[in-house]
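Here's the structure, in structure tokens; my notes come after.
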Amino acid sequence: MTTRVSIFLTAWLLVATGAPTLAAGGEEWLPWTGTNRKTIRARFVSLENDRVTLELEGGKQAVVPLDRLDRASQKQAREALLRKADQPIQGIRGMKFVKVPRGRFRMGSPADEEGRVTNGSAGNAAVAFPFVQPAAANPTEPSDFETERRVDISRDFWMKETEVTWNEWNAVLENAEGQQYFDLIGKGRNGYDGDASGNHPVTGVSWFDAVKWCNLKSQIEGRAPVYHSTTDFSGAAVFKAGEEPPHANWDADGYRLPTEAEWEYACREGRSTGSKPCYADLDSIAWHATNSGGNTHPVGSRSVVAHHFGLHDMLGNVAEWCWDWSGTLKQEKVKDPKGPRDGLFRVFRGGSWADPERCCRAAYRGPFSPVAPESCLVGFRPVCGMDPAPKPKNR
């Protein structure tokens, strides 16, 4: 065993301590394998800041960077962490979606709405994303960024009850065997200063990471992926890699990002401008700069005011990616709008734990680069055009 431990320490650059300690939580002695295919037996102690602490036979401890373990051992570490936190391990089918019925509403904000942001006043991206100034702001945006207009949502859709959590993000990636996705999607992170539960919203994901994740979840569950590299929507063209804007098959039964009209309609509970949720009871439903304590929180932990559709954290905690390119909202009646055909920035909605109250409004729109560096303020929640609860037929 001495030789094996020596190889283990040398190959993975582990840091050993001299004080023998007992493994927390009564973990079993299990094989742990590195990306160099070397295996030892050890017991799990902790997982923190992407570093796994293991107890070696003989009483010493070793610290292993998570990315130096193979996928099976990474999954083993996360499951051990959940057992210690006494949290259920969430599978890819354990995500709850709620129905948002079709309807009509007024999108945007009236000119006298408190906190209303225009490009000419405070600069929408600069207000919402103080950590990424000034690159997020788009100087070509219209001066009135929250134009009111009547929108018809002609189809029911199903929206995830909460933002995608760190556990849920990883549950999909860990089921990616044979899907050729695993190395093509960003790692993400456990919220901002997330705790051991893993139920903080995932952050550090680009717009492209989010759409690839949606495609991966769709394929794992036997659903038709929404995003493709070409408009023929064939299986060979499923969008998996790269940063060329994908095409969306809106009739597919897979998972996707909401359009910003769908997002605002769901946030407003199908009601029109001036209706809640806006400033009324914001502290009861949202984590924002004033009450968050400077970090994200487990999803659903602030939504004590009932939402008509059963959604949580639509405002605050993390901002949420939408499908649309950022652009002009024309003052006209529209049906199922999907935004401009192209652009430089994608839209995020809802504000975050670090944003002031004025950004945690249903009408608030922010532009951000789809290939932006990792942000601790942005996550996402998927929608589905068909009820995702029944098990679909295998394709």
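Where a number appears in this text, it was derived from the coordinates with a stated rule and is not lab data. Since the structure is predicted, the reported quantities are computational estimates derived from the model, not experimental observations. Every residue, glycine among them, receives a Cβ derived from its backbone with ideal geometry; neighbour counts consider all protein chains shown.
Send over the semi-axes of region 307-387's equivalent ellipsoid, whole angstrom and largest first, taken as the square roots of 5 times the C-alpha gyration tensor eigenvalues. Display every interim value, and only then the final one.
Working: eigenvalues 80, 63, 39 Å².
In descending order the semi-axes read 20, 18, 14 Å.
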For region 226-361, the Cα convex hull volume per residue in Å³ comes to 146 Å³
Sorted by chain and number, the residues with a modelled amide H under 5 Å from that of GLY188, at a separation of 5 or more or across chains, are none
If R0 = 22 Å, then TRP250 and GLU374, at their Cβ-Cβ distance, give a FRET efficiency to the nearest 0.05 of 0.15
Between ALA111 and ASP387, Cβ-based FRET efficiency (R0 45 Å, step 0.05) works out to 0.70
For region 278-374, the charge dipole (Cβ of Lys, Arg +1; Cβ of Asp, Glu -1; about the Cα centre) points to a positive end, and the Cα of TRP321, LEU344, VAL371 closest to that extreme belongs to LEU344
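What's the FRET efficiency of ASP67 with ASN295 using the Cβ-Cβ distance as r and R₀ = 30 Å, to the nearest 0.05?
Efficiency, from the Cβ-Cβ distance: 0.80.
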Once amide hydrogens are built 1.01 Å from N within the peptide plane, the residues lying 5 or more places from VAL52 or on another chain with amide H under 5 Å from its amide H are VAL64, LEU66
With 0.36 nm assigned to each residue of separation and the Cα-Cα distance removed, THR39 to LYS333 gains 99.6 nm
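Any of LYS187/LYS330; LYS240/LYS338; LYS75/LYS160; LYS60/LYS96; LYS240/LYS333 with alpha carbons more than 32 Å apart? Name them for me.
Going by Cα-Cα distance, LYS187/LYS330; LYS60/LYS96; LYS240/LYS333 fall outside the 32 Å limit.
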